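Just below is one structure, and these are the notes that go with it.
The values are calculated or read from the model by the stated rules, or taken from the named source; none is laboratory data. This is a predicted model, so every value here is computed, not measured. Here the Cβ positions follow ideal geometry from the backbone for every residue, glycine too, while neighbour counts run over all protein chains shown.
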Amino acid sequence: MNSQFGLANVWAQGDIVTKTVAILLLIMSLASWMVIIVKTLDVLKYKRIARNAEDFWHSEDFAAGLTKLGADPANPFRQLALEGREATLHHRNTKAHLHDSLDVSDWVTRTLRNCMDEFTGKLQSGLAILASVGSTAPFVGLFGTVWGIYHALLAIGAAGQATIDKVAGPIGESLIMTALGLAVAIPAVLGYNALVRGNKGVLQRLSRFAHDLHAYFVTGARVTSGGANVIAMKKA
């Protein structure tokens, strides 16, 4: 027996506006969950890479350190190390360029910062979708509710009766749109907050690694313990 209430009935009895709102909420939900899943996997991958990045400093030379970082071109720690090395060699082996007015510290700093900015943009891509879904989905659902209540009241007025049995069904079905809007928005907001925290942790570790690389390329050693000690590593 077919139910007279619920989502199926809302879809069957709804007009083009109601169905459009329902489809829009479905698309927003799919998009947010896709972003949450993909970006969560990315954060977990980069956290695993960050934990292994410390092995770089326990190497005999720079080439061995790169080997420990792996060959994955998407590894931001490897990319930082390569960019820093290229910047250092370029600065030392060229003359009569505008960058000669910068010392090697400023030149390496700018290179590492540019590399980090590119990775930050990549890491944070997709979060705008979650923010947009989290902020707009409740209002999209509310619009569907208002539209449904409006047509329910018109139908009740045309029938000439406003008893509970005639009001409860249409109004309840209209309120389902609000619930759908919240069901889409809440995971998007929670996912956004969780991914922001995860990204922040990855970027903090990458920033510390970049700081150590800067010290290594400028002074030949990684500064540790607030500058009290250094860890030397042969250059490639």
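May I ask you to list the residues in the range 25-47 that are among the polar types (S, T, N, Q) and surrounded by fewer than 16 Cβ atoms within 10 Å (Cβ to Cβ)?
Just the residues of the range 25-47 that are among the polar types (S, T, N, Q), to begin with: 29, 32, 40.
Listed by number, the list holds a single entry, Thr40.
For the range 34-56, give me each residue that is over 12 Å from Leu123 (Cα atoms) and polar (S, T, N, Q).
Asn52
Which one of these is in contact with a strand residue (DSSP E or B) (Cβ under 7 Å, 6 or more places away or on another chain) and at pLDDT below 85: Ala228, Ala221? Give the derivation first.
Working: Ala228 fails: in contact with a strand residue (DSSP E or B) (Cβ under 7 Å, 6 or more places away or on another chain).
Exactly one residue qualifies, and that residue is Ala221.
Taking helices (runs of 4 or more DSSP H) that fall entirely within the range 67-169, which contain at least 2 residues that are surrounded by fewer than 18 Cβ atoms within 10 Å (Cβ to Cβ) and at pLDDT 90 or above? Spell out how you get there, then give the answer.
On the way: elements: 76-93, 104-124, 127-159.
Filter on the range 67-169 gives 104-124, 127-159.
When the range 13-48 is examined, which residues are found to be farther than 16 Å from Ile129 by Cα, in contact (Cβ under 8 Å) with a residue 60 or more places away in the chain and among the hydroxyl-bearing types (Ser, Thr, Tyr)?
Thr18, Tyr46
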